[in-house]
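Data block below; observations after.
The values are calculated or read from the model by the stated rules, or taken from the named source; none is laboratory data. All values derive from a computational prediction rather than experimental measurement. As a convention, Cβ positions derive from the backbone with ideal geometry for all residues, glycine included, and neighbour counts pool all protein chains shown.
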Amino acid sequence: MKIGIQVFLWVASIFFAYKIYDSINGPLQFNQKKNERYATVIDRLKDIRSAQIAYKDVKGVFSNNFDSLIEFVDKGHFTLIEKRDSSFLEYDRIYRIDMLREVVVIDTLGTVEVKDSLFKNSDEYKEMAFIPINGVNGQKFEIASKVIDKNGYKVPVFEVKVKKSVILFDQNKDLIKQENETIAVDGVNGPEIVLGSLTTVSTNGNWPTIFDAK
């Protein structure tokens, strides 16, 4: 009987020691995994942002789907221009004298492929629609764009986003719930990682600057 109690106490002590260890180590491992995956996802969102800005520069609006965005990167071209100030004398009929006129001269220098300009020798842009986390089974970012009115001006905007629960699909559900409720200067606030906005003019993400420094 005494031996049985000792065994029980020994097992119980191991169990509670494990629970204490897990309660401390679990969140640490979660945060490490979270930050690694966030960094990977944000790097891809930065590529999407570069492609969207180039798309707008050429077409005047943002793309609302990845097929058109990827095709643009694959086949599109930038026109290279040079702006320079110039001036000339022009006879003014009112004042009856030659007057100096200043103008901006725009010279077309040629074109360059978008994919070479943005991605050089990499073909990773062809996968930009997909969330770059092993195990998410080919799930894609959500993408949308539209034109909004800002003080009487029509302004193109776009948004790309992914739920944190998708990125952290295999992690502790309670810790994911806590992460979804994050409100912090050094955290990704809310339940999603978001690039851009459909309501304000912005090409920024909702992540802290620490991820931009990586």
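Observations
- Among the conditions (1) surrounded by 12 or more Cβ atoms within 10 Å (Cβ to Cβ); (2) closer than 15 Å to residue 49 by Cα, the only one that residue 192 does not satisfy is (2).
- Any hit, region 123-132, residues being out of contact with any strand residue (DSSP E or B) (no Cβ under 8 Å at 6 or more places or on another chain) and β-branched (Val, Ile, Thr): no
Per-residue answers, yes or no, for (1) within 13 Å of the chain's Cα centre (by Cα); (2) at pLDDT below 95; (3) not charged (D, E, K, R):
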| residue | (1), (2), (3) |
| --- | --- |
| 131 | yes, no, yes |
| 136 | no, yes, yes |
| 140 | no, no, no |
| 148 | no, no, yes |
| 160 | yes, no, yes |
| 168 | no, no, yes |
| 187 | no, yes, yes |
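- Qualifying residues in region 47-60 (those that are surrounded by 15 or more Cβ atoms within 10 Å (Cβ to Cβ) and in contact (Cβ under 8 Å) with a residue 40 or more places away in the chain) - the one farthest from the chain's Cα centre (by Cα): 56
- Some residue of region 141-157 being of a type outside the set (Val, Ile, Thr), free of Cβ contacts under 8 Å to residues at least 24 places away in the same chain and closer than 21 Å to residue 39 by Cβ: yes
- Meeting the requirement of 1 or more residues that are hydroxyl-bearing (Ser, Thr, Tyr) and farther than 17 Å from residue 64 by Cβ, the strands (runs of 3 or more DSSP E) wholly within region 130-214 are 153-163.
- Scan of region 11-44 for residues that are aliphatic (A, V, I, L, M) and modelled with pLDDT of 75 or more, ordered by number: 28, 39, 41, 42
Residue-by-condition table, conditions (1) at pLDDT 85 or above; (2) of a type in the set (S, T, N, Q):
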{"residue": "61", "(1), (2)": "yes, no"}
{"residue": "70", "(1), (2)": "yes, no"}
{"residue": "92", "(1), (2)": "no, no"}
{"residue": "106", "(1), (2)": "no, no"}
{"residue": "163", "(1), (2)": "yes, no"}
{"residue": "171", "(1), (2)": "yes, yes"}
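- Qualifying residue in region 162-169 (condition: closer than 30 Å to residue 77 by Cα and touching a residue at least 12 places away in the same chain (Cβ under 8 Å)): yes
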